[in-house]
Amino acid sequence: MIKKYSFIVGVILFILILNKLGYKELINVFNKINFYYFAFAVLLLLPLLFIKAYRWNYIKKTQGIIFSIKDSFLINNISLAIGFITPGRLGELTKIFYLKNKDNTIGKSLVSVVLDRLADLFFLLFLSLISLIFFFSYFKKTILLLTIIIFFLILLSIFAIKSNIIQIIFKKILNLIIPARYKKSWSLNYHDFLKNIKTYTLNNYLLILFFTTLSWSIYYIQSFLLLKSIGINSIPFLYLVISVTIAGFITLLPISISGLGTR
């Protein structure tokens with residue numbers, strides 16, 4: 001029910017924004033598109049999608065789930081397409097069910113999907129903090145809050161992996177809310193998840209960060225070219241990066257169609 005209303009809210013926001021901008025103005029913009037910049041931006045979509053698929057393939061391979069890069073590319077892009085039309089990109093979770101059908105447990109399948117999503121989240125968190133520093137006088141409290149959040153998340157992640165205390169507490173809480181008939185299967189999947197998440201080393205995380213940085217760099221360049229294609233030349237690349245980073249956060253909110261209602 002929440003997803004349904006979130007989807008509706010996103011559509012309404014998108015329609016209101018279009019109405020505010022004016023349909024005629026939008027048509028005029030499209031009629032003046034520079035197709036050289038536009039074509040170059042479209043061409044960058046292929047390496048962008050490939051790097052994202054390669055990152056997910058690497059994450060899976062590290063935990064022993066072996067797929068060809070071709071299959072990973074197809075599965076990842078199908079899930080992205082489904083995520084594009086679902087609130088908060090929840091459709092990307094369809095990758096879990098595909099991996100499960102290939103004789104992997106839900107717990108094991110969940111690891112690669114979670115890490116793939118968290119890679120983007122942590123990158124955006126960090127870059128948002130860096131971006132806000134340029135506007136320090138306006139965002140002092142926000143910068144402090146984000147710094148605390150990032151520091152807390154890093155500590156929590158390290159502590160959760162190295163210590164069993166959080167795992168025990170988390171397990172007890174879930175045991176209270178999960179129906180009895182699902183507890184056995186949930187327990188197996190939970191242990192599979194923890195077992196697989198511990199297989200990653202610092203080098204693995206650094207390589208995942210590299211792929212993430214590379215994919216977002218291409219996305220920033222692609223966005224810059226799209227702006228150039230519609231004749232917007234007055235926005236510096238740095239400010240565009242800041243705007244796109246914030247928009248990246250917004251797309252994670254479950255109130256729009258791939259963030260269209262809130263961008």
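Inspect region 121-138 for any residue being crowded, with 20+ Cβ neighbours inside 10 Å, at pLDDT 80 or above and either in contact with a Pro (Cβ under 6 Å, 6 or more places away or on another chain) or in a loop (DSSP other than H, G, I, E, B) (or both) and give the result as yes or no.
Within region 121-138 (the criterion being crowded, with 20+ Cβ neighbours inside 10 Å, at pLDDT 80 or above and either in contact with a Pro (Cβ under 6 Å, 6 or more places away or on another chain) or in a loop (DSSP other than H, G, I, E, B) (or both)), the answer is no, since none of the residues qualifies.
Considering only residues that are in a loop (DSSP other than H, G, I, E, B) and surrounded by fewer than 21 Cβ atoms within 10 Å (Cβ to Cβ), look in region 100-120 and name the one that is modelled with the highest pLDDT.
Residue satisfying both the conditions and the ranking: T105.
Show me the helices (runs of 4 or more DSSP H) found entirely inside region 142-257 where at least 1 residues are within 28 Å of I59 (Cβ to Cβ) and modelled with pLDDT under 65. Give the derivation first.
Values: elements: 165-177, 180-197, 202-229, 237-250.
Of the helices (runs of 4 or more DSSP H) lying wholly inside region 142-257, those with at least 1 residues that are within 28 Å of I59 (Cβ to Cβ) and modelled with pLDDT under 65 span 165-177, 180-197.
Among the residues of region 184-235, how many are within 23 Å of F38 (Cβ to Cβ) and among the polar types (S, T, N, Q)?
So the answer is 7.
Which residue, of I65, I59, I75, I33, is modelled with pLDDT of 85 or more and not in a helix (DSSP H, G or I)?
Answer to the check: I65.
The values are calculated or read from the model by the stated rules, or taken from the named source; none is laboratory data. All values derive from a computational prediction rather than experimental measurement. Here Cβ is always computed from backbone atoms with ideal geometry, including for glycine, and neighbour counts include all displayed protein chains.
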